[in-house]
1. Among 130, 365, 92, whose mean-square fluctuation peaks in a Gaussian network model of the chain (Cα, cutoff 10 Å)?
2. Taking the simple approach of a point 7 Å from Cα along Cα-to-Cβ for both residue 279 and residue 202, what is their distance in nm?
3. Taking the Cβ of residue 371 as the center, what net charge do the other residues with Cβ under 11 Å away carry, scoring Lys and Arg +1 and Asp and Glu -1?
4. Residues with amide H under 5 Å of residue 54's amide H, sequence separation 5 or more or different chain, H placed in the peptide plane at 1.01 Å from N; which?
5. Between residue 272 and residue 185, what is 0.36 nm times their sequence separation minus the Cα-Cα distance? Round to one decimal in nm.
6. Taking +1 at the Cβ of each Lys and Arg and -1 at the Cβ of each Asp and Glu, which of 30, 254, 98 sits farthest along the dipole of the chain towards its positive end, judged by Cα position relative to the Cα centre?
7. I'm a student and want to see the number: the projected area of the Cα convex hull of the stretch 102-194, averaged over all directions, in nm².
8. Can you compute the charge dipole magnitude of the stretch 237-317 about its Cα centre, using +1 on each Lys and Arg Cβ and -1 on each Asp and Glu Cβ, nothing else charged? Give it in debye, rounded to the nearest 20.
Amino acid sequence: MKRVIEGSHSVAEAVRLARVQVISAYPITPQTHIVEILSEYCANGTMNARFLRVESEHSALAALIGAQSCGVRTFTATASQGLALMHELLHWTSGARLPIVMAEVNRALAPGWNIWTDQTDSLAQRDTGWIQMYCEDGQEVLDSMLQAYRLAERVYLPVMVVLDAFYLSHTYESVDVPTEAEVDRFLPQYQPRFQVDTKNPCAFGQFVPPGAYMKMRYDIAGAMEESLVCLDKIQEEFYGIFQRRYGPVEAIYCDDAEIILVTSGTVTSTCRLVLQSLRAKGEKVGILKMKLFRPFPVAMVREAVSHAKKIAVIDRNFSFGASGIFAQEVRAALCNFPGHPPVFGYIAGIGGLDVTVELLEEIYWKTKNTAFPERESIWMGI
């Protein structure tokens, strides 16, 4: 059924449809609308779930670690400083192989205090063992949440579904909200592989020697690789039921493109307008939309850009002392790829600054008219 809802409510509807059993919540702008409506659902009987009001984001994830360990499907949401406070437990979640799903609303980190969108908060957690999916619109948010539960419970790794603050979290648009029966066909009841059981005592999170610890990390790495294959199968099944698919990357007019703009999140929507305008003028430009950041889809990126002359990565983030983080990943993916095109890194939209059609066109023309990147990162809009 088509409904006009905001991006935050797309998350909440997916959590409802997934029949989540335990929700932990600590409000932080701009994710508060997600847990607000979920609290209403739990209070009025729309959801048969336990709603835990905790005193911090650290406690929010700690509570879910306990609940998920007991064999139930769980959810939380956070942003910015809240995600940073969770950092310790992000490692614990993946190390314990708990398939927790979390919505992360991209918001700039303080100081100075800023509530607008910026990807640095989620990308700063890239080494914690969480699968990360970035969304462009409200429909993709809802669909990605449902797919995240299937994927997490298949490979036993936690999944972070990421959406832009305000541009997406607080923007209303038409979203096809499926029925519970449709979702039940796609997402079966959670059947934990292991759980706390007083009738079958087991030890969890024990001290391990170096060899066992390294083997555990090797297995997590293998699960990350497996998730790429699993996600493809999951999305095909999702398409069979709902007639929508996304893919770890979306290559748009890349086959004959001389310059490819690499985007993620809501910047992609603006870039689609730029693509139409430039193509109408005869410019051979394409877009590579990055949905999946962890695991990074190296082979897909290489294939998508193989015929391009130049690549321009638009990063709404920055790793101090290095460069934009998506640009880093693209460069790493191509480093052993003979004769790969030069990668131009552009920093734009930090702290919620608008990434406009005009700015993206400027990035395109700057890339076209420059033979080689003048530096690792070119800051735009300063």
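1. Of 130, 365, 92, the Gaussian network model singles out 365 as fluctuating most.
2. 5.0
3. In short, +2.
4. Distant-sequence amide H within range of residue 54: 25.
5. Roughly 28.0 nm would be gained on extension.
6. 98
7. If you wrap the Cα atoms of the stretch 102-194 in a convex hull and average its projections, you get 7.2 nm².
8. 180
We did not get these values from a lab; they are worked out from the coordinates using the rules stated. Computed from a predicted model, the values in this text were never measured in an experiment. A quick note on method: Cβ atoms are made from the backbone with ideal geometry, for glycine too, and the neighbour counts reach across all protein chains shown.
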